Amino acid sequence: MHIEFTTKNLDVLLYQKSILQYIYDHYHHKDYPRYMEQDEWTIYIKSLGEFNKKFYDDNIANINYKMAHGVTGMNEVTCYLDDNPNNMIFRTNMMVVTHELAHMILKIYYPTKKGILNQDDTYAKKGSMRNFFSTEVHNRWEADMNRMFDINHKGMNHSFVGVDISDIVNTRNINRGF
Ligand SMILES: [Zn+2]
């Protein structure tokens, strides 16, 4: 797995640690096939200014491009973040990062399962059937199902909030049989 940064001001090590903690807390440490699948992914951390709206169709034009957002595709996650080292910005950026990472993790666990959207989202209306790895993250996001993560970095504690998908996946130490 690669994490590639083209931002200029973010604390790369802090973001790397946070991303790795979120990802690997969702796989059992003996789950080699998923580790191998995870290895195929690249996570791009870019600044908001690098987003090129022209490559995206009009259906997603209601995204606020001035705010951090992300896209999860085939073996790649791209996050467009506020390129600012402030600690409050770290928290809002990580909400975007963990949202996309949750799509990625559920795509690895549930590649073909379908789900129903509980609320309208950027792409579709409430009641639409789509990939579970898409609908489930958006349903939980709307329902404020979040979980707090703590990172110790350079002697300081940094916390961030991520979508809570812990009941439908394994954890590093617990194999729930998923
Ligand atoms: Zn999403």
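How many residues does region 11-34 contain that are over 20 Å from residue 86 (Cα atoms) and either polar (S, T, N, Q) or not in a helix (DSSP H, G or I) (or both)?
Applying the first criterion (over 20 Å from residue 86 (Cα atoms)) to region 11-34 yields 20-34.
Pick out the ones that are also either polar (S, T, N, Q) or not in a helix (DSSP H, G or I) (or both) and you get 21, 25-31.
The qualifying residues number 8.
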Exercise. Would region 109-118 turn up any residue that is within 15 Å of the ligand (Cβ to nearest atom), at pLDDT below 95 and over 30 Å from residue 85 (Cβ atoms)?
Worked result: yes
For this session: Name the single residue, out of those in region 135-168 being aliphatic (A, V, I, L, M) and within 15 Å of the chain's Cα centre (by Cα), that is farthest from residue 123 (Cα to Cα).
Result: 148
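Tell me which residues, restricted to region 66-80, are among the charged types (D, E, K, R) and under 28 Å from residue 36 (Cβ atoms). So that I can check it myself, show each step before the final result.
First, the residues of region 66-80 that are among the charged types (D, E, K, R): 66, 76.
Matches in region 66-80: 76 only.
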Exercise. Just one of the numbered conditions (1) part of a loop (DSSP other than H, G, I, E, B); (2) within 13 Å of the ligand (Cβ to nearest atom) is not true of residue 125; which one?
Worked result: (2)
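Which residue, of 98, 78, is within 11 Å of the ligand (Cβ to nearest atom) and β-branched (Val, Ile, Thr)?
Working: 78 fails: within 11 Å of the ligand (Cβ to nearest atom).
Testing whether each residue is within 11 Å of the ligand (Cβ to nearest atom) and β-branched (Val, Ile, Thr) leaves just 98.
Any residue at all in region 162-169 that's among the acidic types (Asp, Glu), assigned to a loop (DSSP other than H, G, I, E, B) and within 12 Å of the ligand (Cβ to nearest atom)?
Checked against the condition, which is being among the acidic types (Asp, Glu), assigned to a loop (DSSP other than H, G, I, E, B) and within 12 Å of the ligand (Cβ to nearest atom), region 162-169 yields no hits at all.
The values are calculated or read from the model by the stated rules, or taken from the named source; none is laboratory data. As the structure is a prediction and not an experimental result, all values here were calculated from the model. Every residue, glycine as well, gets a Cβ built from its backbone with ideal geometry; the counts of neighbours run over all protein chains shown.
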